[in-house]
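These notes are about the structure you will find just below.
The values are calculated or read from the model by the stated rules, or taken from the named source; none is laboratory data. Because the structure is predicted, anything quoted here is derived from the model rather than measured. Cβ: placed from backbone, ideal geometry, glycine included. Neighbour counts: every protein chain shown.
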Amino acid sequence: MATATVDAAVDSHDEGGHDDHGTTTGISNTKLAMWVFLGSECLLFGGLISTYLLYKTNRGPGPENTVIPTDVFDIPFTSVSSFVLLMSSLTMVLALSALTRGDNPATRAWLLTTAMLGGVFIGGQVYEFTSFIREGVGFTHNPASSAFYTLTGFHGVHVSLGIVMLMSLYVASKQGKLQPKHTETVEIVGLYWHFVDVVWIFIFTVIYLIPVD
Amino acid sequence: MNMTETVTETATHEESHDHPSDWDYVKIALLLGAITAVEVLTYFESAITVFENNAFTIASLIVMMVVKFYLVAMYFMHLKHDNSIFTKLFGGGLALATIVYIIALSAFEFWA
């Protein structure tokens, strides 16, 4: 009987069901909900990226010399921002790894580093937007700029929300409320953060790097 | 098979499903950084002559983007080691978005 029970557990594990959260599916409902949310976010960003692709060279009905975002892209600067966000994914996963080991000081250090790297990325975006506006690319100047600011602005809001979540975890850890048993909470915030990173991987290539005819 | 053997097998099985070590994560991040550097090189097309060809550049950029996306999703988001239902849910959303927006872009004659 005992053998049969353990064998059943092994079979369940083979099917990928190695979690046991006391739910009918055997997997965490919270984590499941986060993955469903991230799947739906693909549709949100897909819509924004498609809109930008359709309007990226549309200077609108204004004067012919109106400036569009592709005229003023600063690729070296954006590359550094992209690298910073990419490395924040590493620090996020190291925070989760540290919490799993029960190393709270390291968890806090990596969480804070991740939030700071996110802050550097947002600072870079604010600088980029400011310099674009100085160059004459306003939000309502033409369809290309409206689509660009909407897409990158939405992504920036996501990063900002991620920073708020990371700082909340940092404060919880400082207060001793973040223990190894809360690994899943950090993992779920991490999933959100990595998603924001993969969206930027897509945006950086499709919007910034692929040459415009 | 007795219980001891089965439990041992389970433990071995779990070890093989263990998440990567911290050093593995660092190696993945270094690879991601290296790919990003090559991506940026395509912008400075004079650096590598082959990137003067637009079609080749676009194809290379898309391949590099997909590799980066895969590495982050599989290793940093743990899809490779987690329950396959998560991969299906995320992959489903991604596939649906891809199909819907390829149709939408086609309807607006984006590829013409």
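See the values below:
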read-out: A:Glu128 being away from every other protein chain (no Cβ under 14 Å) and modelled with pLDDT of 95 or more; value: yes
read-out: Complete set of residues in region A:29-70 that are free of Cβ contacts under 8 Å to residues at least 60 places away in the same chain and closer than 24 Å to A:Pro211 by Cβ; value: A:Gly46, A:Gly47, A:Ser50, A:Glu64, A:Asn65
read-out: Some residue of region B:65-79 being farther than 22 Å from A:Trp35 by Cβ, modelled with pLDDT of 95 or more and either surrounded by 15 or more Cβ atoms within 10 Å (Cβ to Cβ) or at the interface with chain A (Cβ under 7 Å from one of its Cβ atoms) (or both); value: no
read-out: Residue count, region A:57-76 (criterion: outside any loop (DSSP other than H, G, I, E, B) and more than 11 Å from chain B (Cβ to nearest Cβ)); value: 4
read-out: Exclusive hit being among the hydroxyl-bearing types (Ser, Thr, Tyr), at pLDDT 90 or above and exposed (fewer than 12 other Cβ atoms within 10 Å of the Cβ), set B:Ser21, B:Ser46; value: B:Ser21
read-out: Condition broken by A:Ala33, with the remaining ones in (1) among the aliphatic types (A, V, I, L, M); (2) surrounded by 15 or more Cβ atoms within 10 Å (Cβ to Cβ); (3) over 27 Å from B:Ala107 (Cα atoms) satisfied; value: (2)
read-out: Enumeration of residues in region B:60-80 that are basic (Lys, Arg) and either touching a Pro at 6+ places or on another chain (Cβ under 7 Å) or in contact (Cβ under 8 Å) with a residue 12 or more places away in the chain (or both); value: B:Lys68
read-out: Selection count, region A:163-188, where residues are crowded, with 20+ Cβ neighbours inside 10 Å and within 14 Å of chain B (Cβ to nearest Cβ); value: 2
read-out: Condition met for A:Gly153 (within 30 Å of A:Gly46 (Cβ to Cβ) and in contact with a Ser or Thr (Cβ under 6 Å, 6 or more places away or on another chain)); value: no
read-out: Qualifying residue in region A:139-162 (condition: surrounded by fewer than 17 Cβ atoms within 10 Å (Cβ to Cβ) and at pLDDT below 95); value: yes
